[in-house]
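Just below is one structure, and these are the notes that go with it.
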Amino acid sequence: MLQMLPAVSTCFLDPSQTGFFIGNVEFMSRHLSALRSHTPRVKFAHKLLSQEVPTSLRTLSYTSQEYGKDPISKRREVYRQNVDLPTILPKRKKKPYPIPLKQIKQAAKADKELAQKGIEKPLEPGKNGLLVPDLIPVAHEVLDAWKILIKGLSHLLHVIPVYACRECSEVHVAQSGHRIQDCLGPTNEKRRSFHSWVTGSINDVLVPIESYHLYDPFGRRIKHETRFEYDRIPAVVELCIQAGVDIPEYPSRRRTKPIRMIGKKVIDRGGNIEEPKPWQSADSYPLLDFDTQGASQRFAPPLPVDVPRIAQETIEAYETVRSGVRMLMRKYTVKACGYCSEVHVGPWGHNAKLCGEFKHQWRDGKHGWQDATLDEVLPPNYVWHVPDPKGSPLIGTLKRFYGKAPAVVEVCMQAGAQIPKKYLPMMRLDIVLPDSEEARSVA
């Protein structure tokens, strides 16, 4: 450290004062503070980085540059090289609450205290049945991007091959299925945990999550006996409808007065209105462009010249849908089962007894409702990233060197799209894959 000071301070101090620096600590601290605050000296230190100087001197130059807060020296945003994916939750256990349980108990205790005093529960727009005006354009934008996303994936799947395992939920995007032995299907012992690959579809890339359409989300709850009286539509579409998008075939009640609640009891919902009958027509389906069912048959294969453009539009639409749904879920309540993949868009879940997951007998088949997360409404469906889609299949011995990415991102990347930077760390693009024999000696 003492050898570095004269080298940096040559432009404004006499080198003969080095001994005085060593003997007088206060004098040295004053000159160091001057070095930190004087902008021209910071620029001079910045120029040293382009010269052949020791690493320690470069470190001091960066330090003085940081203390000087020179606007020219803003460092670029750097992403980590590798990021581990979220851990796979066990099926024989309830999902964790997205909100800490302590906060949930505190909010319930506060609502109970207000209810005991006869004070109404304060509700914001979205939670009280009224629309949020600022989110109506967001809902329209999400629905338009959802339509582009389905159309783009339908085009790309004619060009990019996708494989799905017949026995489990594994999906792979490449010219052939991988050789990683991680199948957990019913007959995996006979196949030594190798996957049984079949041709995949758009539902394997964009996992369909459906929800009941409700004319009045704050009205009567869906019972197990009345579940067939309600239509099932994509959860993203139902969220956009409740956020302000008007679809004539799927109307929604628009309140002018907010609902009133004391604790968990609704004291004024503006009366119950007779709900219109669900849409039932064998000739047409109003949400044909917003549903993934049969989407690949509706669109012809694209021209090779248009594939990169379609891929870029698709990945942009995917990011628009995710960011828009995240904004809508902050104001409009979405519930998810803590045991299965059921999602319900509304202030409280339905009473249909359709849950067959862990300990469903104890709950009489009812769902364990809790607040939903973005990945439950729009699952990313992570797949292995393939560095060379036309190369040799991925093998299990190099499993820890492979990265992963959402299936939509992997399809668009192989089609020529520019991937957002936030997905690069989990794809591990900077790792050089060793040979299978070399992998044994890697620490």
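The values are calculated or read from the model by the stated rules, or taken from the named source; none is laboratory data. This one's a predicted model, so the numbers in the text were calculated from it and none came from an experiment. Don't worry about glycine lacking a Cβ; one is built from the backbone with ideal geometry, like all the others, and counts go over all protein chains shown. The area values use the complete protein model at the heavy-atom level, side chains included, leaving out ligands, DNA and RNA. Shrake-Rupley method; radii C 1.70, N 1.55, O 1.52, S 1.80 Å.
Structural remarks
For every residue, the table says whether it meets (1) within 30 Å of Lys399 (Cα to Cα); (2) more than 21 Å from the chain's Cα centre (by Cα).
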residue	(1), (2)
Leu85	yes, no
Tyr97	no, no
Lys109	no, yes
Gln116	no, yes
Pro122	no, yes
Lys127	no, yes
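- Positions within segment 153-173 being among the small types (Gly, Ala, Ser) and either surrounded by fewer than 18 Cβ atoms within 10 Å (Cβ to Cβ) or modelled with pLDDT under 90 (or both), in sequence order: Ser169
- Residue within segment 212-222 that is modelled with pLDDT of 90 or more, open to solvent by 20 Å² or more (accessible area, probe 1.4 Å), among the hydrophobic types (A, V, I, L, M, F, W, C) and over 25 Å from Pro122 (Cα atoms) present: no
- Per-region count, segment 264-281, residues assigned to a loop (DSSP other than H, G, I, E, B) and surrounded by 15 or more Cβ atoms within 10 Å (Cβ to Cβ): 5
A quick yes/no check of all residues on (1) in a loop (DSSP other than H, G, I, E, B); (2) of a type in the set (Gly, Ala, Ser); (3) at pLDDT 95 or above; (4) open to solvent by less than 40 Å² (accessible area, probe 1.4 Å):
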site	(1), (2), (3), (4)
Ala300	yes, yes, no, no
Glu316	no, no, yes, no
Leu328	no, no, yes, yes
Lys331	yes, no, no, no
Cys340	yes, no, no, yes
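- Qualifying residue in segment 415-422 (condition: of a type in the set (S, T, N, Q), open to solvent by 50 Å² or more (accessible area, probe 1.4 Å), farther than 19 Å from Ile180 by Cα and modelled with pLDDT of 90 or more): yes
- Here Ala311, Ala295 are screened, and the one residue that is within 30 Å of Met413 (Cβ to Cβ), touching a Ser or Thr at 6+ places or on another chain (Cβ under 6 Å) and open to solvent by less than 10 Å² (accessible area, probe 1.4 Å) is Ala295.
- Residue count for segment 174-209 satisfying the condition of being charged (D, E, K, R), surrounded by 15 or more Cβ atoms within 10 Å (Cβ to Cβ) and free of Cβ contacts under 8 Å to residues at least 24 places away in the same chain: 0.
- Listed by position, the strands (runs of 3 or more DSSP E) inside segment 209-263 whose residues that are of a type in the set (A, V, I, L, M) number at least 1 are 232-234, 260-262.
- Tally, over segment 342-356, of residues that are touching a helix residue (DSSP H, G or I) at 6+ places or on another chain (Cβ under 6 Å) and in a loop (DSSP other than H, G, I, E, B): 1
- Residue count for segment 132-152 satisfying the condition of being in a loop (DSSP other than H, G, I, E, B) and open to solvent by 60 Å² or more (accessible area, probe 1.4 Å): 0.
- Thr320 being at pLDDT 95 or above and either assigned to a loop (DSSP other than H, G, I, E, B) or closer than 22 Å to Ile247 by Cβ (or both): yes
- Strands (runs of 3 or more DSSP E) wholly inside segment 360-443 containing at least 3 residues that are closer than 22 Å to Val236 by Cβ: 369-371
- Unmet criterion (only one of (1) open to solvent by 10 Å² or more (accessible area, probe 1.4 Å); (2) part of a helix (DSSP H, G or I)) for Tyr285: (2)
- Among the residues of segment 58-115, those that are aliphatic (A, V, I, L, M), modelled with pLDDT under 80 and part of a helix (DSSP H, G or I) comprise Leu60, Ile72.
- In segment 360-407, of all residues being touching a Phe, Trp or Tyr at 6+ places or on another chain (Cβ under 9 Å) and of a type in the set (D, E, K, R), the one that is surrounded by the most Cβ atoms within 10 Å (Cβ to Cβ) corresponds to Lys404.
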